[in-house]
1. Taking the highest mean first, how do the peptides 203-212, 261-270 order by number of other beta carbon atoms within 10 angstrom per residue?
2. Quick one: of Lys185/Lys216; Lys188/Lys284; Lys187/Lys284; Lys88/Lys187; Lys204/Lys260; Lys204/Lys284, which pairs are farther than 32 Å apart, Cα to Cα?
3. Sum up the charges of everything whose Cβ sits under 15 Å from the Cβ of Ile159, counting Lys and Arg as +1 and Asp and Glu as -1, but leave Ile159 out.
Amino acid sequence: MMKKRYLQAAIIVMTALMMTGCGTKFPDLTDEQYKQTVEYAAGLLLKYSNNGQKRLVVVDAKQVLKDRQKEAARAAELELAKEEAAKKNSQEVAPEQVQPTETEEYPEAEGQELTTDPALTAETGENTEEETGAESTEAIDPDAITLSSDESQEIMPDIFLSYQGYSVSSTYPESSKSYVVNADKSKKLLVLRFDLYNGSDAGKNVNLIPLGLSFKILLNGTDIGYSSVTFLPNDLSSYVGTIDSRAHESVVVLTQISDKDSTMIESLGMIVTINGQTQTVILK
């Protein structure tokens with residue numbers, strides 16, 4: 001009976017489709033025929049349905065990119081971990097591959113103490129203060145030049161720079177009321193004093209700022225870093241003023257050192273940059 005009903009519904013649907021294709025109106029159906037047609041259509045829908053799932057999948061491009069980036073990052077981490085493990089293993093194995101040095105080639109290794117060059121050692125076995133000063137700076141840069149009260153360098157046409165010594169204090173200048181630089185706690189100010197001399201026959205307007213001056217301080221042959229940046233009118237790196245003919249102008253370079261270092265100054269120097277060129281200077 002069921003088969004007969006479905007057969008009738010199929011015949012009705014096919015007839016309706018054929019007539020529609022020819023431009024004919026849908027036939028008038030009785031209630032019974034309409035119900036049969038609906039049942040048959042529903043059966044076809046259920047038979048060929050994909051359970052309500054969409055055939056087209058909407059893809060979030062940003063999420064896909066994030067997922068790929070995460071996968072790439074994980075792969076990079078794994079590769080880095082492998083490299084570190086391999087490096088660690090090679091470091092652990094390396095000491096076993098080092099062959100012991102034969103003592104026959106180095107007689108002093110058999111319980112003998114190494115001695116320094118007699119020229120650098122006093123009778124007491126300790127280096128003197130003079131030997132650890134300018135010589136160590138010269139060893140750093142054999143082309144170093146010297147500045148002293150008797151030896152000057154021309155840094156601008158007719159303008160000569162000479163070194164006048166140093167001082168150590170907690171403030172600079174000590175007697176000024178308009179401007180002062182204070183050392184930090186447990187620090188001292190190392191004040192390097194210089195002289196600018198105008199050797200021309202006329203007064204000169206001097207502006208050192210365009211020279212791009214910078215100074216790294218050498219204390220006992222060791223580079224302790226750049227000098228302090230100040231707004232002092234007589235700061236060498238930023239001096240601007242007029243120097244009369246055959247006249248002198250006092251300028252300074254400041255830096256901070258520890259209390260301990262302030263009592264152990266044996267030699268001083270600078271690594272000076274001027275117009276982009278670097279020069280080591282020994283201060284005597």
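1. Order by mean packing, descending: 261-270, 203-212.
2. Check vs 32 Å cut-off fails for Lys88/Lys187; Lys204/Lys260.
3. Charge balance in the 15 Å sphere: -4.
Only the coordinates and a few stated rules stand behind these numbers; no lab work does. Here the structure is a predicted model, which is why all the values come from computation and not from measurement. Heads up, the Cβs are rebuilt from the backbone with ideal geometry, glycines too, and the neighbour counts pull from every protein chain shown.
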